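Working notes, beginning with the structure itself.
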Amino acid sequence: MTTAPGHLAVIDMQRVFAEPDSPWATPRFAEAAAGVRRLLPSFGERVTFTRFLAPEKPGGAWRAYYDQWPFALQPPDAPLWELTDEFAARARHLVDAPTFGKWTPELAERVGPTGRLVLAGVSTDCCVLSTALAAADAGVEVLVVADACAGVDDDSHAKALHVMDLYRPLIRVVTVAEAVGETS
């Protein structure tokens with residue numbers, strides 16, 4: 001097996017985005033999960049899973065956000081914030097954040113200042129996008145794996161990928177096969 005270059009961040013593969021009856025359900029979550037499963041073996045220990053969590057007390061513009069989504073104001077140990085079962089068992093490194101972007105000091109340390117960050121997960125048009133832009137601003141090479149991500153809907157997913165691809169060469173949109181160095 002070829003070892004893929006870089007560090008894989010699996011963004012927010014949580015129940016709140018996976019369960020069809022959730023207000024935040026991501027319709028193609030299962031397809032993104034399949035892409036993540038294909039990526040994981042190539043990164044070994046160089047994987048960080050992230051979780052979006054509600055803050056204990058929202059401040060600033062987040063107050064209006066949680067006024068719109070009051071169901072989400074639950075503690076960090078609430079079932080909706082758990083990673084789905086298949087990923088919970090694989091999450092040796094976990095970063096929690098009450099923000100869309102997961103480019104935290106902890107993730108930055110794991111990637112390194114001149115590293116490559118490979119992004120997969122949900123949702124393309126929110127947390128993946130926010131993470132990619134912040135990492136690119138920090139000078140990190142970012143690969144967004146299109147077929148291991150899913151958006152709130154297909155149109156939003158495609159638009160987010162398009163916007164991120166405009167940041168070349170800082171951010172590149174790739175496939176799972178390209179990310180792991182498979183040849184056709």
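The values are calculated or read from the model by the stated rules, or taken from the named source; none is laboratory data. Every value quoted in this text rests on a predicted model; they were computed, and no experiment measured them. Backbone-built Cβ (ideal geometry, glycine too); neighbour counts: all protein chains shown. Note: areas computed on protein heavy atoms with side chains; ligands, DNA, RNA excluded. Shrake-Rupley method; radii C 1.70, N 1.55, O 1.52, S 1.80 Å.
Data overview
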quantity: Which of TYR167, VAL145, VAL180, positive extreme of dipole for region 140-184 (C-beta unit charges); calculated: TYR167
quantity: Convex hull volume per residue in cubic angstrom - Cα atoms of region 126-184; calculated: 80 Å³
quantity: Isotropically averaged projected area of the chain, using the convex hull of Cα atoms (one quarter of hull area), nm²; calculated: 10.3 nm²
quantity: Listed residues VAL128, VAL174, VAL47, most fluctuating in the chain (Gaussian network, C-alpha, under 10 Å); calculated: VAL174
quantity: Cα-based convex hull, region 75-171, per residue volume (Å³, whole number); calculated: 106 Å³
quantity: Per-residue SASA entry for HIS162, accessible area with 1.4 Å probe, Å² rounded to 10; calculated: 110 Å²
quantity: Efficiency of FRET between ASP154 and ASP77 - r from beta-carbon atoms, R0 30 angstrom, step 0.05; calculated: 0.35
quantity: 20 °C / 1.002 mPa s Stokes-Einstein diffusion coefficient of region 47-132, Kirkwood radius on C-alpha pairs, µm²/s; calculated: 153 µm²/s
quantity: In Å², nearest 10: area of GLU45 left accessible to a 1.4 Å probe; calculated: 100 Å²
quantity: Antiparallel content of DSSP bridges confined to region 41-184, in %, to 5; calculated: 0 percent
quantity: Prolate/oblate/rounded call for region 96-148, Cα gyration tensor, a/c under 1.5 rounded; calculated: oblate
quantity: Tail weight of P(r) past 11 Å, computed on alpha-carbon pairs of region 40-92, percent; calculated: 74 percent
quantity: q = 0.13, 0.24 Å⁻¹, region 3-111: log10 I(q)/I(0) [Debye, one scatterer per Cα]; calculated: -0.51, -1.42
